[in-house]
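A short worksheet on the structure shown next.
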Amino acid sequence: MSRPVNGVAVRVPAKVNVQLAVGAARPDGFHDLANVFLAVGLYDEVTVAPADELRITCTGPGADQVPLDRTNLAARAALALAGRRGIAADVHIHIDKDIPVAGGMAGGSADGAGALLACDALWGTGATRAELLEICAELGSDVPFSLVGGAALGTGRGERLTPLDVGGTFHWVFAVADGGLSTPAVYREFDRLTPVAPAPEAAPALLAALCTGDATALSTALANDLQPAALSLRPSLADTLAAGTAAGALAGLVSGSGPTTAFLAKDAESAASIADALLASGTCRTARVAGSPAPGARVVDRA
Ligand code: C5P
């Protein structure tokens, strides 16, 4: 189960959606989005090493819920790159998880982007940034952002990225719930609750708050159109949101499709005390503190 030696290790961040504007369902079943991604400093580490055949191992919190077969985005990333080069994806992929599993923080997408970058380095396949981004977009809507990191506006189904400027550090607390929420189920609930969805647009005030690094301004602009759907499927998340704001958070929202909730704090000290209060409230399984923005996937070790 341990991390392979003689391999390449990549560190890849989680994300929070500071705005997730969701439009109507498209004929292909996806929804058009204006998705403002912010990478946060919680990381999975993906290590790849030569092996007789493709296999995946995983350690860390929630590792038992991570699929170890070819449905794992890390395996799909290795297969996609190997397929393009006509080589075998004979690689041992080890995922050391720290991003909450099925939590709405793009942990699976992070592992896909991480494995892709790691295999490219291991195999010397020399993929361009554009090709890596193209493969990421084939793997899933959030995967390109995991590669890029920082902050970006995602349009289309979220895969078409425009980098955004961030003028300071934002301090977050993430309240991790028991169990996950299925992203397709949350989108289905969104469709049920929203018979007519307007065209999604990024809010100028939110982009300005990111650009100036103004946490108070960002807190008033945070918005997630999937939040009512996530709360409908998991009503107890309202208690977590109430506990975080009572503990002094500038604002709280459901992260992506949930069930993780994200709280913006005014500084690092406040974030630590909000995390303590959330844990004591008994409304979440664990609470994590992280800063943003964080860099995208990058090679940390070529052992
Ligand atoms: O792209 P990804 O595989 O991450 O999407 C998972 C699911 O989330 C999709 O199958 C779809 O149900 C939903 N989704 C959506 N619209 C998007 C992104 C995801 O409906 N823009």
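Each reported figure results from applying straightforward, stated rules to the coordinates on display, with no laboratory input. Here the structure is a predicted model, which is why all the values come from computation and not from measurement. Note that each Cβ is placed from the backbone with ideal geometry, even for glycine, and that neighbours are counted across all protein chains shown.
Taking other residues whose beta carbon is less than 10 angstrom from the beta carbon of GLY156, and scoring Lys, Arg as +1 and Asp, Glu as -1, yields +1. Residue by residue, region 150-155 carries 3J(HN,Hα) couplings of x, 9, 7, 8, x, 10 Hz when phi is fed to the Karplus relation 6.51 cos²θ - 1.76 cosθ + 1.60 (θ = phi - 60°); x denotes Gly or Pro.
The Cα atoms of the chain define a convex hull whose projected area, averaged across directions, is 14.8 nm².
In terms of other Cβ atoms within 10 Å, THR283, THR212 run from fewest to most in the order THR212, THR283. Loop-located GluC sites (Glu not before Pro) in region 123-232 (DSSP state other than H, G, I, E, B) with a sparse environment of at most 16 neighbouring Cβ atoms within 10 Å: GLU201. Taking amide hydrogens as placed 1.01 Å from N in the peptide plane, the amide H of THR261 sits under 5 Å from those of ALA175, ALA177, SER255, each at least 5 positions away in sequence or on another chain. Backbone phi angles across region 265-272, fed through the Karplus curve with coefficients 6.51, -1.76 and 1.60 (θ = phi - 60°), yield HN-Hα couplings of 10, 6, 7, 5, 5, 5, 4, 4 Hz in residue order; Gly and Pro are listed as x.
In sequence order, region 209-224 has phi-based couplings of 5, 4, 5, 8, x, 8, 5, 5, 5, 5, 4, 7, 9, 4, 7, 9 Hz under the Karplus curve 6.51 cos²θ - 1.76 cosθ + 1.60, θ = phi - 60°, and Gly or Pro positions carry x. Counting only alpha carbon atoms, the long axis of helix 73-85 and the longest principal axis of the chain meet at about 40°. Around the amide H of GLY60, modelled in the peptide plane, lie the amide H atoms of LYS97, all under 5 Å away and 5 or more residues distant in sequence or on another chain. Among GLY282, GLY252, GLY104, which one moves the most in a GNM of the chain with springs linking Cα atoms closer than 10 Å? Ranking GLY282, GLY252, GLY104 by mean-square fluctuation puts GLY282 first.
Cβ-to-Cβ counts within 10 Å put ARG234, ARG129 in ascending order as ARG129, ARG234, the fewest first.
If only the Cβ of Lys and Arg carry +1 and only the Cβ of Asp and Glu carry -1, the dipole of the chain around its Cα centre is close to 140 debye.
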